[in-house]
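Working notes, structure below.
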Amino acid sequence: MTPPPPDAAADLAALPGAETAPATPAPTPGEAAAAGRGRRRRSFLRAFRRALTDPATFDLRTNPSLWLGAVLAVPIPILAALAGAPAWIEVLAFLAPVGWGLVLGAAGRVAAIEREAALRSAEEALRARELARAAAERRDELEQERKAIDTDLKLASAVQKTMVPPDIVKPDVQVVVKHIPTSFVGGDYLQASMPRPDLLYLCVGDVSGHGVAAALVVSRLHGVVRRLILEQRNPVQFLDELNRAALRILQHTYFFVTFAVFRIDLAARRIEYATAGHPAQLLLRADGTLFPLSTPNRLLGMDADIFDPERPHDVVTYGPGDSLVLFTDGLFEIPGEHDGEILGEAGLERVLANLGGLPPSLVAGDILKELADFQGDSKFEDDVSLMIARFDPANVDVAPSTPRAEAAPDLRASGVFSTTGTPR
């Protein structure tokens, strides 16, 4: 819009009802100085009135201005008497020491208050600087401590990574291991070891909680697991001795351990296994069929007797192209991106149903990709561990066996169980 010409603007201003805000001229330096003096004068007068009612003003020990004013005014009545002043002036002259005492006393009290305020301000500023310096020093100390803790955690992470088993690549079996802790160290445990060429042990465990404390428990159990594998213990003996060790390690703590051990005879294509409180692990057939593998034993580290008397262990057979999928609950407890609902064991099984017969590296990669897509930007709440073993026997002409529960060896006759069904 084009602005009206100057004369039109004047006409508009002259119309009835048109109002213009009066322009406020900027104060001159002299006016500004006078205004400042006026404010200081009013402030002094208010302080002066308060001083007249302040008992400290009349304390001669702390306010010498009071008696100084009175002493300075003593000559006034003397001079008035010598000069022969009228009587009323002599009366006023006799009151002069009192008045001057009050005036100078109040003025002295105002000055003392200002000095005290200035001193307090200086002390507060000094304290503030000291506190700021102490806070800065504390921040530096905390930063150094944090860096030291980070360094220790990185070293602990490097040490724990040495406990994660390497992948196994053999003509008759391939094993792929994936481990993703939520922090530097975690409470998940994986083990894959072959004490002899035709025997494979696969173990998976989960210490309650995560972080440094859970990682310490894992490191203590690792040595026990390695010894039991070298001794080629059967699954029930394995869990029994591991539970005894867990009871010693976890006493006076709130921790517990879930665990699953799989003893795989590669020559017989036979898997003997036992689980203790761990989620059901999965045997993935080459055609995509899934078979859950678990036994109803109890958690490690909670009680000396953890075994189910009816089925402490179980046995299945496998065929060419079948895979054993081992994991911890962190794999299926990942929250979804949109609704926060976890994937769940059923969701994990849906993912695995399309991956039968694939090499274990592809199966692991597809599982982690599906989980990453499902998770989106949500955060892992637990450690994620995954181990996949694919069996490809050299004699592929033999028809694959259907996984089934076989007649388990009589472990009571071997001395592992007492007559009451309790492991010795």
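Between residue 317 and 271, 404, the built amide H atoms are under 5 Å apart, and every one of these is 5 or more places off in sequence or on another chain. Here the spin labels are modelled as points 7 Å beyond Cα on the Cα-Cβ line, and at residue 232 and residue 42 they lie 10.3 nm apart.
Over the range 166-391, what relative contact order in percent results from Cα pairs under 8 Å that are six or more residues apart? Write out the running numbers ahead of the final one.
Numbers: 491 pairs, mean separation 54.3, N = 226.
RCO, the range 166-391: 24 percent.
Straight-distance candidates among the lysines for linking to residue 369, with alpha-carbon spacing under 23 Å and chain neighbours fewer than 8 residues away dropped: 161, 178, 379.
Taking amide H atoms as placed 1.01 Å from N in the peptide plane, the amide H of residue 199 lies under 5 Å from those of 266, each 5 or more residues away in sequence or on another chain.
How much length would be gained if the chain were fully extended between residue 349 and residue 198, taking 0.36 nm per residue of separation minus their Cα-Cα distance, in nm to one decimal? Intermediate results must be reported in sequence, preceding the final value.
Numbers: separation 151, 0.36 × 151 = 54.36 nm, distance 2.93 nm.
Net length gain for the segment: 51.4 nm.
With a ≥ b ≥ c taken as the square roots of the eigenvalues of the C-alpha gyration tensor of the range 166-391, please select rounded if a/c is under 1.5 and otherwise prolate if a/b is larger than b/c or oblate if it is not? Could the numbers behind the result be given before it?
Working: a/c = 1.63, a/b = 1.07, b/c = 1.53.
Here the range 166-391 falls in the oblate category.
What ranking of 270, 127 emerges when the number of other C-beta atoms within 10 Å of each C-beta is taken as an exposure proxy, fewest first? Spell out each step's value before the answer.
Details: 270 15, 127 10.
With the fewest neighbours first, 270, 127 line up as 127, 270.
Here, each number is a calculation from the coordinates, and none is a lab measurement. A quick note: this is a predicted structure, and the numbers were derived from the prediction, not measured. Note that each Cβ is placed from the backbone with ideal geometry, even for glycine, and that neighbours are counted across all protein chains shown.
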